[in-house]
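K.L.:
The structure under discussion is supplied below as structure tokens; questions concerning it will follow.
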Amino acid sequence: MSTLHEMAEAVINGNAKEVREFAEKALTEGLAPQTIINDGLIAGMNVVGVRFKNNEVYVPEVLIAARAMHAGMDVIKPLLTDSAVQDKGTVLIGTVKGDLHDIGKNLVRMMLEGAGYKVIDVGVDVSPEKFAQAVEEYKPQIVGLSALLTTTMTNMRTTIEALRSYHVRVMIGGAPVTQKFADEIGADAYAPDAATAVEKANQLLSSSF
Ligand code: B1M
């Protein structure tokens, strides 16, 4: 079994110690951080997601798997950040109101930091008003909204409305979000994954307002 396959298994089993060890091993094997994240950590989490959906595992197991995934990310994160060469701009990121999912948002944050952005993370369950207050305080160029539930993605629309009077671009993402939905609610960009989020942030900054 390959190191990445073993790492995915360790995520599924919620074994944080093993995940950390496999992440270190994968790095010594010369695998790219993004490959380790996608084909090891996220691959394992995706299996957990399917089992969660099928009621084969429950919230505690999912949380233990998520913690194991974070242990792997902790090993990879310094490498993503070390590659930062400049301070490109500020992105304020959070998960919208009613939604507690933050694994994907954290991954997007890490990738943006790695690409040279200063990232202000306002956490989860963030109301439109709180986003607006944070925009006033930190004056970001881009606001990133994450949502994982079909019931909370509608709060992206209300958040965008609350940010209308501010000079910011809004990027959205999360499993149920699509380009079509982004167009409908007037988001400036949509990214299906963390790597694309960096590309979209770069594009937003290089295009005129
Ligand atoms: Co939740 N959950 N969950 N959950 N959970 C899902 C999302 C679900 C699809 C599971 C399922 O039924 N198959 C389902 C949603 C169904 C729906 O709405 N269509 C679901 C549900 C129903 C729930 C609860 C309601 C369950 C319950 O209590 N009955 C509850 C809701 C709590 C709440 O938020 N109010 C709940 C709770 C939880 C846990 C707390 C147990 C845990 C969250 C832990 C945490 O985040 N700290 C959890 C988890 C882990 C999941 C699954 C299994 C995994 C999500 C994840 O982290 N994926 C998920 C099933 C699944 O997705 N397979 C599920 C890995 C992550 C890297 O991917 O977040 O998609 P993702 O992020 C990607 C992209 O989407 C994108 O980039 C990331 C990296 O590539 N991206 C962006 C994300 N944000 C972005 C922002 C951007 C750009 C790109 O720009 C700003």
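K.L.:
Identify all residues within the stretch 155-198 that are without any contact (Cβ under 8 Å) to a residue 24 or more places away in the chain and within 17 Å of Ser127 (Cβ to Cβ); write none if there are none.
P.N.:
Passing the criteria: Arg164, Ser165.
K.L.:
Among the numbered conditions (1) among the small types (Gly, Ala, Ser); (2) in contact (Cβ under 8 Å) with a residue 12 or more places away in the chain; (3) open to solvent by 10 Å² or more (accessible area, probe 1.4 Å), tell me where Gly94 comes up short.
P.N.:
Result: Gly94 fails condition (3) only.
K.L.:
If you don't mind, another one. Select, from Gly44, Gly40, the only residue that is open to solvent by less than 70 Å² (accessible area, probe 1.4 Å), more than 18 Å from Met111 (Cβ to Cβ) and among the small types (Gly, Ala, Ser).
P.N.:
The match here is Gly44.
K.L.:
For the stretch 124-164, name all the residues that are within 15 Å of the ligand (Cβ to nearest atom) and small (Gly, Ala, Ser).
P.N.:
Ser127, Ala134, Gly144, Ser146, Ala147
K.L.:
When you go through Asp74, Asp99 one by one, which is the residue that is open to solvent by less than 30 Å² (accessible area, probe 1.4 Å) and charged (D, E, K, R)?
P.N.:
Asp99
K.L.:
A further question follows. Restricting attention to the stretch 175-208, which residues are of a type in the set (Gly, Ala, Ser) and open to solvent by less than 60 Å² (accessible area, probe 1.4 Å)?
P.N.:
Scanning the stretch 175-208 gives Ala182, Gly186, Ala187, Ala189, Ala191, Ala194, Ala195, Ala197, Ala201, Ser207.
K.L.:
What about Glu137, is it open to solvent by 50 Å² or more (accessible area, probe 1.4 Å), in contact with a helix residue (DSSP H, G or I) (Cβ under 9 Å, 6 or more places away or on another chain) and outside the structural domain of Thr35 (by TED's automatic domain parsing)?
P.N.:
Here the answer is no, as Glu137 does not meet what is asked.
The values are calculated or read from the model by the stated rules, or taken from the named source; none is laboratory data. All of these numbers come straight from a predicted model, not from anything done at the bench. Virtual Cβ from ideal backbone geometry, glycine too; neighbours counted across all protein chains shown. Side chains are part of the model used for accessible areas, which takes the heavy atoms of the whole protein and leaves out ligands, DNA and RNA. Shrake-Rupley method; radii C 1.70, N 1.55, O 1.52, S 1.80 Å.
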